[in-house]
1. Give just the number: which of (1) more than 23 Å from Glu32 (Cα to Cα); (2) surrounded by 20 or more Cβ atoms within 10 Å (Cβ to Cβ) does Ile90 not satisfy?
2. Hey, among Arg132, Arg125, Arg183, Arg152, which residue is assigned to a helix (DSSP H, G or I) and surrounded by fewer than 13 Cβ atoms within 10 Å (Cβ to Cβ)?
3. Looking at Tyr121 and the list (1) over 23 Å from His43 (Cα atoms); (2) in contact (Cβ under 8 Å) with a residue 40 or more places away in the chain; (3) aromatic (Phe, Trp, Tyr), which single condition is not satisfied?
4. For the stretch 45-58, what are the residues that are within 14 Å of the chain's Cα centre (by Cα) and either surrounded by fewer than 21 Cβ atoms within 10 Å (Cβ to Cβ) or without any contact (Cβ under 8 Å) to a residue 24 or more places away in the chain (or both)?
5. Out of the stretch 127-151, which residues are at pLDDT 95 or above, within 30 Å of Glu47 (Cβ to Cβ) and not aliphatic (A, V, I, L, M)?
6. Looking at the stretch 125-160 only, could you name the residues that are within 17 Å of Asp109 (Cα to Cα), without any contact (Cβ under 8 Å) to a residue 60 or more places away in the chain and touching a Pro at 6+ places or on another chain (Cβ under 8 Å)?
7. Residues that are in contact with a Leu (Cβ under 7 Å, 6 or more places away or on another chain) and under 21 Å from Ile176 (Cβ atoms): list the helices (runs of 4 or more DSSP H) wholly contained in the stretch 1-103 that include at least 1 such residues.
8. For the structure I just gave you, tell me whether Glu39 is charged (D, E, K, R), over 24 Å from Leu130 (Cα atoms) and in contact (Cβ under 8 Å) with a residue 12 or more places away in the chain.
Amino acid sequence: MSVGLLGGTFNPPHNGHVELARAAEDELGLDELLVLVAERPGHKRVELDAPSRVRLTRAAFPGLRVELDEHERTVDMLRDRRFDDAVFLIGADEFCDFLDWKDPNGVLDLAPVAVATRPGYPRERLDRVLERLDHPERVRFFEIEPFPIASREVRDRVAKGEPIDDLVPPAVAAEIAKLGLYRR
């Protein structure tokens with residue numbers, strides 16, 4: 001059984017995250033997709049509490065398993081959880097920062113990485129990372145529809161009272177409104 005692992009802060013989850021998950025399921029033939037919400041990510045500060053982000057993530061991914069990940073770093077989660085047949089899913093922009101992660105080669109030793117790229121993404125940026133990895137053969141690329149969205153943009157729009165219907169799934173927009181999130 002192959003399990004896709006999609007981790008992140010999901011502050012909030014948006015249509016780009018949903019498209020990445022959908023494309024990974026289609027392209028990689030995954031049996032299951034596990035969405036891991038980073039409780040205390042080691043690489044960035046997150047103002048919104050973890051239970052609220054888990055709630056939003058469950059709204060974005062109905063029918064998928066969504067869990068809170070207490071690990072600050074991906075390699076620590078993979079060492080602790082020991083998945084049998086897992087692939088870690090990330091976007092191309094994240095992959096360009098992969099060498100800055102804690103023990104990127106350790107991540108690849110524990111799980112192959114599947115990188116979602118969009119049409120026209122500069123391949124040389126990805127190749128620069130591949131060249132510096134011990135096992136570049138454990139990295140696979142798959143293409144997704146372009147969704148140029150950042151969670152920051154969603155938060156900014158909500159704070160300004162602007163609509164977010166084109167950025168997030170309807171259930172996420174409803175939860176943000178219901179909980180009064182991201183208002184300044």
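The values are calculated or read from the model by the stated rules, or taken from the named source; none is laboratory data. The model shown is predicted, which means the values in this text are computed figures rather than measured ones. Methodologically, a virtual Cβ is constructed for each residue, glycine included, from the backbone with ideal geometry; neighbour enumeration extends over all protein chains shown.
1. (1)
2. When all the criteria are applied, what remains is Arg152.
3. Evaluating Tyr121 over (1) over 23 Å from His43 (Cα atoms); (2) in contact (Cβ under 8 Å) with a residue 40 or more places away in the chain; (3) aromatic (Phe, Trp, Tyr) leaves (2) as the failure.
4. If the condition is that a residue be within 14 Å of the chain's Cα centre (by Cα) and either surrounded by fewer than 21 Cβ atoms within 10 Å (Cβ to Cβ) or without any contact (Cβ under 8 Å) to a residue 24 or more places away in the chain (or both), then Val54, Arg58 are the ones that fit.
5. Within the stretch 127-151, no residue meets the criteria.
6. Passing the criteria: Leu130, Leu133, Arg138, Val139.
7. The helices (runs of 4 or more DSSP H) meeting that bar are 15-28, 50-60.
8. yes
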